[in-house]
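One structure is given here, and the rest of the page talks about it.
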Amino acid sequence: MMATILSRSLLRANTRNTRSPALARALSTTAPAVTLASGQTTTLPRPERVRRSVFNVPGSDERKLAKAPKLNADSLVYDLEDGVPFDKKGKARSLVYDALETVDLGRSERAVRINSIGSGLELADLQAVLPSSQLQCIVIPKVQAAKDVQFVDVMIDAVAPEANRANIRLIACIESALGLMNLREIATSSPRLDGLIFASEDLCADMGMVRTSHRRELLYARSAVVTAAVAYGLQAIDLVCIDYKDHAALAEESREGREMGFTGKQAIHPGQIDLIHEHFSPSSKEIDFATRIVEGYRAHAARGVGAFTLDGKMIDMPVVKWAEKLLAKAQWTKA
């Protein structure tokens, strides 16, 4: 019976998701008003969830689950996939559901990473965690095509409590050459999709890459993920720094990721979180400069002047838009 329902629902999903993803996201959520430098009021697709850090906790490890409330990660992901041995999948599902329902994570997003679509484990994962009234996000690993995201989308509508369905968002992990080739269809697959995660280690394994400390072998893939995310209004979460004790390496990766346009980074050790937050939050210097750009634009626009000079730099509309985005992010990270 469940298989029949899912088959029919997937057919509906394939037709309903052909509309504009931006329109669908706007229609499906309450959009907060934002005042631009020009004085005009516009709306964001929906309230932003800050995800500077995305931290995985193995769902079968009771000791680490107990420590989770003490972490200050923006998004805390209870992992049912790679962090859980096959013979402990059932135990992990039970522990994760209990944690979702009973553990206060404070401001951290409550997310679950399921096993990949097609693994044979994903259905049991979703049936176990979607009934939670506290679940806020499903992280979908090894996404190859739009149908992988749409399967989870349909399951949310079929299994999650009706009162919580609108609250559950999706993040797709790009981990393969095929996933990269299908970025556009993945990014527009569901109104619930909120972000893309770049998973470097699985991509290297898939493509036979030689992983290096300079990361040049990953440049195209990282750029492609960021570009797709920005094009379709999604967050872009960067790779894991696997040398988790090397804070210099983490700082370099974080700085580089933000320069490329990533909005956050994955973390695998609690000691990485604060440094990631530091690099993916606007600095006081940046906020001050952005504020002066916006104020300068308003003052000059009132006199009928477009471009102007500030601190020896030419300021025109693209720079003003950059400043507005930075100030908006500064607001979100303080929320």
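The values are calculated or read from the model by the stated rules, or taken from the named source; none is laboratory data. Every value quoted in this text rests on a predicted model; they were computed, and no experiment measured them. Cβ coordinates were reconstructed from backbone atoms using ideal geometry, including for glycine residues, and neighbour counts include every protein chain displayed. These area figures cover heavy atoms from the full protein model, side chains too; ligands, DNA and RNA do not enter into them. Shrake-Rupley method; radii C 1.70, N 1.55, O 1.52, S 1.80 Å.
At a glance:
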quantity: The lone exception for S132 - which of (1) in contact with a Cys (Cβ under 9 Å, 6 or more places away or on another chain); (2) on the phi < 0 side of the Ramachandran plot it fails; calculated: (1)
quantity: Checklist (1) at pLDDT below 95; (2) under 20 Å from K265 (Cβ atoms) applied to E109, failing item; calculated: (1)
quantity: Scan of segment 128-183 for residues that are in a strand (DSSP E or B) and open to solvent by less than 10 Å² (accessible area, probe 1.4 Å), ordered by number; calculated: C137, I138, V139, I140, L170, I171, A172, C173, I174
quantity: Of all residues making up segment 100-111, the number that are free of Cβ contacts under 8 Å to residues at least 40 places away in the same chain, open to solvent by less than 30 Å² (accessible area, probe 1.4 Å) and not in a loop (DSSP other than H, G, I, E, B); calculated: 1
quantity: Residue satisfying condition, being open to solvent by 50 Å² or more (accessible area, probe 1.4 Å), in contact with a Phe, Trp or Tyr (Cβ under 9 Å, 6 or more places away or on another chain) and aliphatic (A, V, I, L, M), within set I315, I268, I293, I273; calculated: I268
quantity: Selection status of D87, open to solvent by 50 Å² or more (accessible area, probe 1.4 Å), outside any strand (DSSP E or B), within 29 Å of G179 (Cβ to Cβ) and free of Cβ contacts under 8 Å to residues at least 12 places away in the same chain; calculated: yes
quantity: Filter pass, R63 being open to solvent by 30 Å² or more (accessible area, probe 1.4 Å), basic (K, R), under 25 Å from I117 (Cβ atoms) and assigned to a helix (DSSP H, G or I); calculated: no
quantity: Residue in segment 225-233 that is of a type in the set (S, T, Y), assigned to a helix (DSSP H, G or I), modelled with pLDDT of 90 or more and open to solvent by less than 70 Å² (accessible area, probe 1.4 Å) present; calculated: no
quantity: Matching residues, segment 184-204, being assigned to a helix (DSSP H, G or I), of a type in the set (G, A, S) and modelled with pLDDT of 95 or more; calculated: A187
quantity: Selection from segment 236-265 of residues that are in contact with a helix residue (DSSP H, G or I) (Cβ under 6 Å, 6 or more places away or on another chain), crowded, with 23+ Cβ neighbours inside 10 Å and among the small types (G, A, S); calculated: A236, S254
quantity: Conditions (1) open to solvent by less than 60 Å² (accessible area, probe 1.4 Å); (2) modelled with pLDDT under 90; (3) in contact with a Phe, Trp or Tyr (Cβ under 7 Å, 6 or more places away or on another chain); (4) assigned to a loop (DSSP other than H, G, I, E, B); number of the one not met by R46; calculated: (3)
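Matching residues to (1) assigned by the TED database to the domain that holds K64; (2) in a loop (DSSP other than H, G, I, E, B):
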| site | (1), (2) |
| --- | --- |
| Y244 | yes, yes |
| A248 | yes, no |
| E256 | yes, no |
| E259 | yes, no |
| F262 | yes, yes |
| Q266 | yes, no |
| I276 | yes, no |
| F289 | no, no |
| R292 | no, no |
